[in-house]
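The structure appears right after this line, and notes come after that.
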There are 2 protein chains.
Amino acid sequence: MKRRRLAILGSTGSIGTQALDVVAHHPDAFEVVALAAGRNTELLREQAQRFNPAFTTTAQDGPDGLYRVAVESGAEVVLAATDGSVAFEAVFAAVERGVDVAVANKELVVSAGELLVETAQKSGASLLPVDSEHSAIFQCLIGEERSSVAAILLTASGGPFWRTSREAMENADLGAALAHPTWRMGTKNTIDSATMMNKGLEVIEASRLFGFTGDRVRIVVHPQSIAHGFVIFSDGSVKSQLAAPDMRVPIGYALSYPKRLESFGEPPPAKLAGSPIFRNISSDTDILQLLGAKNGEATLRYEFEAPDPARFPCVRLAYEALSEGGTQPAVLSAANEVAVAAFVEGRIAFGRIPEVIEEAMNRVRPEEPTLRGVRRADGEARTAAGEIVAAIERSTV
Amino acid sequence: MKRRRLAILGSTGSIGTQALDVVAHHPDAFEVVALAAGRNTELLREQAQRFNPAFTTTAQDGPDGLYRVAVESGAEVVLAATDGSVAFEAVFAAVERGVDVAVANKELVVSAGELLVETAQKSGASLLPVDSEHSAIFQCLIGEERSSVAAILLTASGGPFWRTSREAMENADLGAALAHPTWRMGTKNTIDSATMMNKGLEVIEASRLFGFTGDRVRIVVHPQSIAHGFVIFSDGSVKSQLAAPDMRVPIGYALSYPKRLESFGEPPPAKLAGSPIFRNISSDTDILQLLGAKNGEATLRYEFEAPDPARFPCVRLAYEALSEGGTQPAVLSAANEVAVAAFVEGRIAFGRIPEVIEEAMNRVRPEEPTLRGVRRADGEARTAAGEIVAAIERSTV
């Protein structure tokens with residue numbers, strides 16, 4: 001089998017390192033041709049020694065380095081796993097040239113998703129979702145006609161505050177907000193999970209990636225986080241994709257698409273570790289493990305609950321940004337970053353996060369979502385959100 | 001849209017009438033060209049008046065009538081929904097000519113499945129499963145490579161005796177065995193559900209239809225009967241298909257494949273009735289209803305349990321018949337019919353049903369599963385099972 005040439009933007013981050021773990025388990029499937037990291041040069045050096053890319057770059061090298069990794073490396077698939085907007089131009093350059101992109105850079109799809117999808121449609125590049133929820137929807141849509149889809153549902157764990165009262169959430173401290181029940185992620189993402197802004201952003205991403213308007217993209221809370229998404233078809237059929245909450249599953253799928261890898265690492269549940277999996281199934285409780293049961297459990301339960309918009313106003317704000325369109329999703333995303341940082345720094349209460357975002361969305365005027373427009377809206381939103389945070393600080397001293 | 005020409009073998013049975021209900025709701029999608037019924041000539045006459053087929057036939061007309069319905073009617077898709085083996089030749093004749101067949105005739109796939117699939121592969125005819133479990137697997141396999149499938153799981157409701165002790169099952173009466181929790185079906189199918197032979201037969205069907213050996217076809221008990229099947233892929237991803245327990249969903253899918261209908265009748269849940277469905281979603285609890293929640297429920301729960309082979313020996317017998325191959329599945333199926341009939345007539349205890357089948361499987365020698373071989377094995381199995389039943393009766397008087 002010919003190895004697939006892979007370049008990673010953001011190789012030292014959470015998604016980047018897990019992607020390299022997938023590659024390490026499938027040396028016959030991938031050839032790492034280029035790696036780009038930010039400031040963690042030591043880890044990048046280790047990765048370079050292990051995977052032997054022709055080219056590496058760091059934040060010091062500036063945008064030219066990212067461009068070389070994404071485009072000049074000759075990669076067949078680029079994993080876009082940097083945070084923020086640093087790699088926007090490099091990713092667009094790859095997509096314009098028809099290079100497939102595995103998209104883990106949330107801001108890219110939230111802020112510049114319309115443009116990205118349009119560019120990919122023109123060049124024939126595939127945009128492959130890395131998020132477990134979007135990977136689920138992508139997988140459920142394979143071989144199906146878009147016109148027969150009634151709705152798509154993204155599952156949400158509900159985050160640490162799913163059972164918390166509105167009053168208690170109002171002044172929740174950082175420790176409580178960081179206690180995510182299922183996934184281990186960075187601080188920003190974990191706070192987004194506590195406000196459920198993560199789902200709001202995912203709704204926008206799903207709308208962009210799959211071309212459904214916001215009213216057809218819905219959320220269902222599923223505390224076990226085994227089912228990652230549902231597609232509801234017009235004829236009453238529903239398809240769902242499920243997997244252990246291990247990011248290497250959707251990462252591996254995005255990198256190997258349309259093929260599937262033979263295994264995805266040394267995962268939980270342990271029975272999935274084999275290659276092929278099925279050789280390791282020896283008992284009937286093992287079957288349940290494949291559906292997400294913990295070791296030896298003889299009954300497995302999935303629960304689904306309707307989301308509660310009252311306690312999670314960030315979800316509403318995301319739907320509003322999506323419906324307003326233009327650069328409003330970029331404003332939402334940037335203002336959210338500022339608000340979350342202010343909460344983490346102890347400057348504002350947890351309950352004020354949505355206020356900051358909503359007020360910033362009111363202040364920044366939407367415009368056409370060109371790359372330039374997005375950058376400008378992003379900057380204006382950060383300025384506005386900073387001012388709003390400062391005003392809140394003054395009023396609560 | 002051009003209407004699809006549909007012929008139904010067994011139009012007055014449970015599947016046949018539900019198929020005509022689907023057709024009645026989609027007059028633009030289907031044209032009924034021929035109907036075949038058994039003895040219910042009155043209902044057939046009503047159906048003929050309503051759907052205006054060019055041709056009808058009853059049991060009185062013999063095999064020629066079935067052949068005319070399946071082949072000479074010019075149908076593009078034939079729904080094979082008769083019981084037993086009466087329509088085998090007619091269905092094979094259609095498949096040989098490349099006509100797509102929606103298969104609801106369990107015995108056909110269990111007893112002559114290898115031959116059927118081989119014939120379809122030669123002619124290019126599609127075999128479209130009608131059973132909800134097989135439809136689920138079929139839908140989850142769309143667009144996927146067969147080589148990346150680790151296993152398929154069929155869900156089972158567990159039937160009326162899922163929580164019953166082995167001792168209580170031994171002498172369970174007919175009323176208890178007929179109290180199926182989820183689906184309404186005929187007597188034979190409901191007893192098969194109580195012994196879980198229905199799942200055994202479905203395992204054989206799945207093995208034939210999808211080309212996986214028995215060790216890759218497994219059962220998981222799911223009392224809510226919303227998820228109908230799972231496909232487990234080598235990379236740790238799992239796909240599932242879900243739907244309300246309404247046979248019109250898989251029937252409609254089989255008849256309209258590869259398209260999906262816009263709705264499937266006046267179903268539960270009520271929210272699925274619209275066309276397209278999504279117009280009727282107005283609240284977040286409606287979302288749960290799409291996943292199977294009862295009206296207004298805010299939490300939905302799916303449970304999955306490992307099957308219990310000790311209390312359901314019929315499942316083991318089915319795996320054995322599959323693994324032995326040849327005409328053994330036909331023997332299993334025929335002996336099961338005789339044993340179930342003997343239980344329904346009060347001649348043997350519930351707990352003796354598997355004994356009759358196992359003993360019949362021991363007595364009838366397997367042979368090549370040609371149509372002729374299948375018919376001979378079927379006859380021999382019925383004779384053997386009848387003798388075994390009589391012996392049990394004598395010994396327990």
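The values are calculated or read from the model by the stated rules, or taken from the named source; none is laboratory data. Fair warning: this is a prediction, and the values are worked out from it, not measured in the lab. Don't worry about glycine lacking a Cβ; one is built from the backbone with ideal geometry, like all the others, and counts go over all protein chains shown.
Hey, among B:SER237, B:SER256, B:SER263, which residue is farther than 30 Å from B:GLU320 by Cα and facing chain A (nearest Cβ under 7 Å)?
B:SER263
Condition first: among the hydroxyl-bearing types (Ser, Thr, Tyr) and at pLDDT 95 or above. Now tell me which residues in the range B:10-28 satisfy that.
Answer for the range B:10-28, where residues must be among the hydroxyl-bearing types (Ser, Thr, Tyr) and at pLDDT 95 or above: B:SER11, B:THR12, B:THR17.
Looking at the structure I just gave you, is B:GLN47 touching a strand residue (DSSP E or B) at 6+ places or on another chain (Cβ under 7 Å) and assigned by TED's automatic domain parsing to the domain that holds B:GLY16?
Details: touching a strand residue (DSSP E or B) at 6+ places or on another chain (Cβ under 7 Å): yes; assigned by TED's automatic domain parsing to the domain that holds B:GLY16: yes.
Spelling it out, B:GLN47 is indeed touching a strand residue (DSSP E or B) at 6+ places or on another chain (Cβ under 7 Å) and assigned by TED's automatic domain parsing to the domain that holds B:GLY16.
If a residue has to be β-branched (Val, Ile, Thr) and touching a Lys or Arg at 6+ places or on another chain (Cβ under 8 Å) to count, how many in the range A:204-227 make the cut?
Final tally of qualifying residues: 1.
Can you tell me which residue in the range B:266-291 is farthest from the other protein chains (Cβ to nearest Cβ), limited to those that are surrounded by fewer than 23 Cβ atoms within 10 Å (Cβ to Cβ) and modelled with pLDDT of 50 or more?
Ranking the candidates gives B:SER282 first.
Consider B:ARG208 carefully, then state whether it is within 14 Å of chain A (Cβ to nearest Cβ) and of a type in the set (D, E, K, R).
no
So, in the range B:3-48, exactly how many residues are of a type in the set (Phe, Trp, Tyr) and under 21 Å from B:ALA59 (Cβ atoms)?
To start, the set of residues in the range B:3-48 that are of a type in the set (Phe, Trp, Tyr) comprises B:30.
Still in the list and also under 21 Å from B:ALA59 (Cβ atoms): none.
Count: 0.
Residue under question is A:THR155, and the condition is that it be in the same structural domain as A:THR213 (by TED's automatic domain parsing), under 20 Å from the mean Cα position of the chain (by Cα), modelled with pLDDT of 95 or more and under 30 Å from A:ALA349 (Cα atoms); does it hold?
Here the answer is yes, as A:THR155 does meet what is asked.
Looking only at the range A:34-67, which residues are in contact (Cβ under 8 Å) with a residue 40 or more places away in the chain and among the aliphatic types (A, V, I, L, M)?
Those that are in contact (Cβ under 8 Å) with a residue 40 or more places away in the chain and among the aliphatic types (A, V, I, L, M): A:ALA34, A:ALA36, A:LEU66.
Look at the range B:362-393 and say how many of its residues are within 10 Å of B:VAL331 (Cβ to Cβ) and among the aliphatic types (A, V, I, L, M).
Summing the residues that are within 10 Å of B:VAL331 (Cβ to Cβ) and among the aliphatic types (A, V, I, L, M) in the range B:362-393 gives 6.
Would you check which residues across the range B:134-143 are within 13 Å of another protein chain (Cβ to nearest Cβ) and either crowded, with 24+ Cβ neighbours inside 10 Å or of a type in the set (Phe, Trp, Tyr) (or both) and list them?
Of everything in the range B:134-143, those that are within 13 Å of another protein chain (Cβ to nearest Cβ) and either crowded, with 24+ Cβ neighbours inside 10 Å or of a type in the set (Phe, Trp, Tyr) (or both) turn out to be B:SER135, B:ALA136, B:ILE137, B:PHE138, B:GLN139, B:CYS140.
Does A:GLU31 satisfy the criteria of being part of a helix (DSSP H, G or I) and not hydrophobic (A, V, I, L, M, F, W, C)?
So A:GLU31 fails the test.
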